[in-house]
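Chemist: Below you'll find the structure I mean.
Derivation of every value follows stated rules applied to the coordinates shown; laboratory data play no part. Treat the numbers as computed from the prediction; the structure is a model and nothing was measured. Glycine also receives a Cβ, built like all others from the backbone with ideal geometry; neighbour counts cover every protein chain displayed.
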């Protein structure tokens, strides 16, 4: 099954970092965020990717074309011509990647429409190239299959703008710098779509997936949501860039973890809501 990742963003709100890079190439640790996103899917055995390129897409092409030399030890022999050999024992990920040029100014819906030729009449997964989370992709797919609608969107709670205090009288017993908000749910990406979704996409570059297509799918009763109670964070600002990198450097990359309690809560909630919505 194909996994489509929207990689055309400029990242204009991350000044000083994204001036020379497209947003999906902004690093968390030693790897660009798009690789972290691909790893999320790969841990659930989804390894066939379509990257929708736009702003400075050649930087993404350059990274993956040179992936082996960037991530492995390289031996070069100049004595008999220039021979290059990757000698690291670590194997590259089992990925198939299509790097699709979808226009500099294209909106999200049109980028998806342009890669229909690579998807055909098959179910596909879809997400943005700037957000990570410990999404249970397997449970997401099972939920999508259970309801029979055209699309599933993963709903998340946005990170709080402020730190959270737990107090006992005047004593602060714990402090978390930026916890998940207790407010309303938002679009966290990580969609599953049937090919019928393409019928909702206009064939022009101003088509924005989050506007008419999703609105129309909801109106027609063809959009369901998968509730994710675990970690999720976008890289929209320099502060979020710093926070994600701090997590990685501390060995606390929560998007690489699978907290059992959060998984069970998500699965239970989704099962209950599916039974209510479908029957």
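Chemist: Would you order 211, 7 from fewest to most other beta-carbon atoms within 10 Å of each residue's own beta-carbon?
Modeler: Sorted ascending by nearby Cβ count, the order is 211, 7.
Chemist: Ranking 2, 59, 90, 23 by Cβ neighbours within 10 Å, fewest first, what do you get?
Modeler: Fewest-to-most Cβ neighbours within 10 Å comes out as 90, 59, 2, 23.
Chemist: If you wrap a convex hull around the C-alpha atoms of segment 68-129 and split its volume per residue, what is the figure in Å³?
Modeler: 167 Å³
Chemist: Okay, which of segment 133-162 sit inside 15 Å, backbone N to the point 7 Å along the Cα-Cβ direction of residue 1?
Modeler: Of the residues in segment 133-162, 135-154 have backbone N under 15 Å from the label point off residue 1.
Chemist: For an R0 of 30 angstrom, estimate the FRET efficiency from the Cβ-Cβ distance between residue 101 and residue 218 and round to the nearest 0.05.
Modeler: 0.45
Chemist: Treat the count of other C-beta atoms within 10 Å as a stand-in for reagent exposure and order 231, 143 from fewest to most.
Modeler: Least to most surrounded, the residues fall as 231, 143.
Chemist: On to the next question. So what does the Cα-only Debye profile of segment 117-159 read at q = 0.30, 0.35 Å⁻¹, as log10 I(q)/I(0), no solvent term?
Modeler: -1.29, -1.38
Chemist: Something else about it: Decide, for segment 10-111, between rounded, prolate and oblate: order the square roots of the alpha carbon gyration tensor eigenvalues as a ≥ b ≥ c, take rounded if a/c falls under 1.5, and otherwise choose prolate if a/b is larger than b/c, else oblate.
Modeler: Judged from the Cα gyration tensor, segment 10-111 comes out prolate (a/c at least 1.5, a/b above b/c).
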